[in-house]
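Presented below is the structure to which this report refers.
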Amino acid sequence: MKIDSIKIKEYKIKFIAELLPFYDEMEVESFFYLILENQCQLRRIDLALNTDLQFSDEEILVWDAILENLKLEIPIQYILGTTHFYGLEFNVNENVLIPRPETEELVEWIISSTSKLPKFKNIKILDIGTGSGCISISLAKNIPNAEFSAIDISNKALATAKKNADLNKVTITFIEKNILEVTDLKQQFDIIVSNPPYVRNLEKAEIKPNVLANEPHLALFVEDNDALIFYRKIAELATKNLSEEGKLFFEINQYLGKETCELLKKMNFKNIELRKDIYGNDRMIACNF
């Protein structure tokens with residue numbers, strides 16, 4: 001069946017009207033221009049300068065399919081299969097979490113901390129629970145003379161991370177392991193970083209429905225009665241596998257900043273620093289052993 005072509009500006013009216021029951025207008029408009037650039041390589045300014053631009057029949061079919069997925073509240077990043085993090089492009093899918101802006105702040109903190117290390121030193125960095133690889137890959141693009149390793153329990157997540165490393169032209173050693181079962185990392189690292197699962201089941205009510213329905217729970221949730229299980233285990237490994245004056249970095253549950261600091265203090269970590277994110281929430285910790 002032939003579909004009549006339509007001016008892009010007219011399709012935009014339809015697109016916004018059909019999504020307003022699900023999202024606010026500003027978010028819908030941002031979706032429209034994100035898809036326009038991703039699918040048609042057109043920017044907002046291109047449409048403003050040429051209001052007669054049209055979608056082809058094939059393009060209308062693609063846009064209609066995206067529109068239906070958005071009505072199901074599937075995250076736009078999963079629909080397009082791509083997102084941006086720390087100025088880089090990443091493939092994302094249902095096997096990995098969508099990178100958050102708060103994690104960019106953690107990456108920035110680590111990069112700034114490495115400027116104090118000796119220039120001749122060959123830095124070794126380990127990312128535990130790498131997911132899409134956004135942390136280790138962003139660090140690899142910005143820290144010269146460093147070796148990178150990344151661990152994840154999910155082979156499907158690691159497959160995505162490997163594609164992202166290739167996409168961004170960095171070299172990372174990816175390792176499939178359940179970190180809770182590791183007793184020794186077998187080598188020393190100057191930096192160990194982790195953004196492990198930290199959302200308690202009791203906090204599920206605060207999570208947006210589209211996140212609950214689409215993002216991997218394995219990478220999100222921990223049991224209420226042992227919410228710091230990953231922090232305890234990773235810190236324990238760090239006591240054996242951090243080099244002298246090496247640093248441990250964590251992204252944390254905003255409600256457990258004090259508790260996480262106390263855990264690290266009891267394990268004899270020093271120079272424990274808790275930082276807030278751009279939204280004013282306790283979000284990241286750095287320390288030495």
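Couple of notes before you dig in:
- The value of relative contact order for region 157-234, using C-alpha pairs under 8 Å at least six residues apart, is 32 percent.
- Paramagnetic reach from Gln54 in region 12-30 [backbone N under 18 Å; point 7 Å along Cα→Cβ]: 12-14
- With R₀ set to 41 Å, the beta-carbon distance separating Asp24 from Lys177 gives a calculated FRET efficiency near 0.45.
- Sorting the segments 281-287, 211-217 by their mean number of nearby beta carbons within 10 angstrom, highest to lowest, gives 281-287, 211-217.
- Only DSSP H runs of four or more residues enter the estimate; each adds -39500 (n - 2.57), and after division by the residues of the chain the mean residue ellipticity at 222 nm equals -12500 deg cm²/dmol.
- Kirkwood-Stokes translational diffusion coefficient of region 1-158, alpha-carbon pairs, 10 °C, 1.306 mPa s, µm²/s: 87 µm²/s
- When only Cα pairs below 8 angstrom with a gap of at least 6 residues are kept, region 139-200 shows a relative contact order of 35 percent.
- Accessible area expressed per residue, region 1-67, with surrounding protein chains retained (probe 1.4 Å, Å²): 63 Å²
- Contour minus Cα-Cα distance for Asp226 and Leu167 (0.36 nm per residue): 17.5 nm
- Coarse-grained scattering of the chain at q = 0.07, 0.10, 0.15, 0.16 Å⁻¹, given as base-10 log I(q)/I(0) from a Debye sum over alpha-carbon atoms: -0.32, -0.61, -1.13, -1.24
- Relative contact order of region 17-171, defined on C-alpha pairs under 8 angstrom at six or more residues apart (%): 18 percent
- Fraction of accessible area attributable to carbon and sulfur, the chain (%, probe 1.4 Å): 51 percent
- Between Ser113 and Glu262, the simple label model (points 7 Å from Cα in the Cβ direction) yields a spacing of 2.3 nm.
- The magnitude of the dipole of the chain, with charges of +1 and -1 set on the Cβ of Lys/Arg and Asp/Glu and taken from the Cα centre, is near 1160 debye.
- Solvent-accessible surface of region 109-254, averaged per residue with a 1.4 angstrom probe and all protein chains in place: 47 square angstrom.
The values are calculated or read from the model by the stated rules, or taken from the named source; none is laboratory data. Remember, predicted model here, so these are calculated numbers, not experimental data. All Cβ positions, glycine included, derive from the backbone under ideal geometry; neighbour counts span all protein chains shown. Heads up: the accessible areas ignore ligands, DNA and RNA and are worked out on the full protein's heavy atoms, side chains in. Shrake-Rupley method; radii C 1.70, N 1.55, O 1.52, S 1.80 Å.
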